[in-house]
Amino acid sequence: MAVTDWLRRRFDQVAARRQAPPDEVSQRTTALALRDNEYGYDAFGLGRAQLETAVRTAGWFYRHYFRAEAHGVEHVPATGRVLLVANHAGQLPFDGMVIAAACFLEPPTPRLVRSMIEHFVPTVPFASYLLARWGQIIGTPENCRRLLDDDEAILVFPEGARGISKPFSRRYQLAPFGLGFMRLALATGTPIVPVAVVGSEEQAPAINLKRLAKLVGAPSFPLVPYPPFIPIVPLPVKYRLYFGPAMTFTGDPDDDDEVIADKATAVKRRIESMLHLGLQERKHVFW
Amino acid sequence: MSSGDARRTVVVTGIAGRLGRVVARALHHVPGLAIHGLDRRPFPARPKDIVHHQVDVRSKKAREIFRTGEVAALVHLGLMHDPRAKPADVYSWNVAGTQKLLEYCQAYRIPKVVVLSSADVYGPRPENPQFLTEDAPLLAAQRFPQMRDLVEIDHLASTFLWKARDVETVVLRPVHILGAVHNAPSNYLRLDPVPRLLGFDPMVQIIHERDVAAAILAALAPGARGIYNIVGPGQVPLSVILRELGRRTIPIPHPLARPLWSTAFRLGLSSYPVAEFDFIRYVCMVDGSRAARDLGFAARATLRETILAVDTPG
């Protein structure tokens with residue numbers, strides 16, 4: 001690809017001019033254990049070289065734009081399979097990026113967290129392969145199961161699209177949880193680490209025009225009260241992440257929906273209580 | 001094949017093609033095998049001990065080969081992939097031909113049938129899981145009716161696997177075969193400059209032609225039956241393959257690609273039907289662990305060797 005090659009060369013030139021010694025991000029990227037092949041790509045299309053750029057960008061958002069605080073990162077195990085389950089909000093998935101950055105930058109050894117992306121993403125030019133290079137996977141149960149069997153860490157938002165597109169008036173009110181994550185956790189014997197994200201729910205104070213969304217055939221049509229009125233730039237809110245102790249569940253993964261829903265609700269309650277504590281501690285949305 | 005069996009003849013359809021010759025060479029190394037070719041094309045530079053029947057698979061003469069009772073196995077490679085041929089001819093050759101061959105095998109109790117299908121039958125789709133297993137639905141024809149023949153042959157062979165219980169049927173679905181072969185992926189990679197879709201760079205799985213021959217040998221072992229995905233040394237982004245081959249590329253925005261491509265095809269400038277476009281856009285990768293477990297098959301060529309195989313003269 002000529003354009004991306006040119007961009008990459010330019011990036012390399014700029015990097016060489018700075019003559020920077022290997023910083024934290026590149027050390028951590030090199031230290032990360034990946035099962036990559038002779039060309040530096042893993043089975044899901046993650047490229048070590050591209051990951052470093054992504055971590056650099058995410059790290060900037062994490063440290064400087066959102067000035068994120070992470071509490072309880074030690075609850076994310078350094079190795080072994082784990083499902084991170086978090087509340088989802090803010091019109092654009094910056095919450096996923098911030099959680100992944102926290103798990104990569106905060107613990108003594110970097111942990112790569114992969115999240116499940118929507119099925120339409122592979123049809124979008126550039127996003128189609130860039131998200132894969134950064135370790136994101138298409139959200140199918142097969143993919144998730146395969147990665148958990150390989151002892152990887154997966155981030156899921158059981159609220160899904162209902163969560164991310166919720167209007168400002170319903171901030172910190174969690175949408176009903178999907179049950180797929182719980183069935184996968186039971187089937188693969190994976191511990192669940194609940195994550196409460198405080199901040200993302202205010203990053204885009206939007207209203208949702210349902211009629212207009214239906215008209216254009218989009219899942220939602222959010223509007224924000226500042227230019228450019230569509231929420232592509234998040235407000236620089238302060239992010240606070242609360243990782244809870246791991247929860248383990250046992251049972252039949254193919255059980256009735258009610259049984260699975262009880263277990264999923266237990267996770268939802270834990271996230272809600274962590275959110276309440278976080279909101280009480282917080283003095284201001286922006287600092 | 002069991003050594004006590006008197007019938008040691010292996011019939012290979014499509015033997016005169018590039019892949020057929022690779023397979024014939026691999027079979028030739030196995031001691032005690034008599035190789036019979038079945039292809040309507042001539043097979044000029046063949047070793048003396050390979051018997052070649054230059055007949056149509058649908059003909060009576062083809063039936064005679066199986067009636068002798070000496071045939072121990074059929075390896076069916078002889079599928080036509082000519083995008084310029086009339087659809088009705090391609091259908092008759094591929095689907096009706098395969099059906100005839102399977103009929104002979106059942107009628108004359110041929111103990112082993114190996115059909116070479118392709119991992120393409122699953123179809124490249126945006127919602128595909130990263131690795132498809134053998135029980136995934138064959139959806140290639142959903143978006144491209146042109147792929148219907150391939151899917152239908154796979155279905156024919158899979159049905160035969162359950163219908164003819166006394167025949168050991170093996171259906172192999174290899175990923176993109178690279179080498180001196182003249183198939184769509186190898187031909188595409190031999191273009192220079194290579195057109196690609198702007199903003200799309202799917203992971204692709206590739207396999208060396210010699211590894212495919214090795215998989216066929218593994219499938220000929222007594223006891224092997226079933227449907228198997230056959231994978232090569234791994235998967236890489238398409239751009240990595242093109243860089244390794246040192247190709248120049250022309251990125252085309254995908255909304256323009258379809259009309260441009262179909263015009264080029266109609267004018268005879270390109271030999272790629274529009275239907276094959278999604279293979280350079282979406283992921284269509286398979287899980288080969290069943291073949292590794294049951295057939296003990298593992299590709300021997302490395303990724304680099306497999307990629308460079310498209311430029312080696314066959």
Practice prompt. Looking at (1) out of contact with any strand residue (DSSP E or B) (no Cβ under 7 Å at 6 or more places or on another chain); (2) surrounded by 22 or more Cβ atoms within 10 Å (Cβ to Cβ), find the lone condition where B:Cys105 falls short.
Written response: (1)
Worksheet item: A:Ala100: modelled with pLDDT of 90 or more and touching a Gly at 6+ places or on another chain (Cβ under 9 Å), yes or no?
Response: yes
Practice prompt. Looking at (1) under 21 Å from the mean Cα position of the chain (by Cα); (2) among the hydrophobic types (A, V, I, L, M, F, W, C); (3) at pLDDT below 95, find the lone condition where A:Met274 falls short.
Written response: (3)
Worksheet item: Restricting the search to region A:160-169, which residues are in contact (Cβ under 8 Å) with a residue 60 or more places away in the chain and either part of a strand (DSSP E or B) or touching a helix residue (DSSP H, G or I) at 6+ places or on another chain (Cβ under 9 Å) (or both)?
Response: A:Ile164, A:Ser165, A:Lys166
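Could you identify the single residue in A:Arg67, A:Arg63 that is more than 14 Å from every other protein chain (Cβ to nearest Cβ), of a type in the set (Lys, Arg) and either outside any helix (DSSP H, G or I) or out of contact with any helix residue (DSSP H, G or I) (no Cβ under 9 Å at 6 or more places or on another chain) (or both)? Talk me through it step by step, then tell me what you get.
Numbers: A:Arg63 fails: either outside any helix (DSSP H, G or I) or out of contact with any helix residue (DSSP H, G or I) (no Cβ under 9 Å at 6 or more places or on another chain) (or both).
Every option except A:Arg67 fails the conditions.
What is the residue count in region A:82-140 for residues that are away from every other protein chain (no Cβ under 14 Å), closer than 28 Å to A:Tyr172 by Cβ and either touching a helix residue (DSSP H, G or I) at 6+ places or on another chain (Cβ under 6 Å) or not in a loop (DSSP other than H, G, I, E, B) (or both)?
The number of residues fulfilling the criteria is 26.
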Worksheet, complete the sentence: Checked region A:25-57 for anything under 19 Å from the mean Cα position of the chain (by Cα), within 14 Å of chain B (Cβ to nearest Cβ) and either assigned to a helix (DSSP H, G or I) or over 15 Å from A:Pro110 (Cβ atoms) (or both); matches are A:Phe44, A:Gly45, A:Gly47, A:Arg48, A:Gln50, A:Leu51
Discussion item. So, restricting to strands (runs of 3 or more DSSP E) that lie completely within region B:185-238, which ones have at least 2 residues that are in contact (Cβ under 8 Å) with a residue 60 or more places away in the chain and more than 10 Å from every other protein chain (Cβ to nearest Cβ)?
Written reply: B:203-208, B:226-230
Worksheet, complete the sentence: Screening A:Phe11, A:Phe104, A:Phe61, A:Phe44 for residues that are surrounded by 18 or more Cβ atoms within 10 Å (Cβ to Cβ) and out of contact with any Leu (no Cβ under 8 Å at 6 or more places or on another chain) leaves only A:Phe61
Fill in: Candidate set: region B:161-184, residues that are part of a loop (DSSP other than H, G, I, E, B), in contact with a strand residue (DSSP E or B) (Cβ under 7 Å, 6 or more places away or on another chain) and away from chain A (no Cβ under 14 Å); chosen: the one farthest from B:Pro126 (Cα to Cα)
B:Val167
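The values are calculated or read from the model by the stated rules, or taken from the named source; none is laboratory data. What you see is a predicted model; the values in this text were computed from it and never measured. A quick note on method: Cβ atoms are made from the backbone with ideal geometry, for glycine too, and the neighbour counts reach across all protein chains shown.
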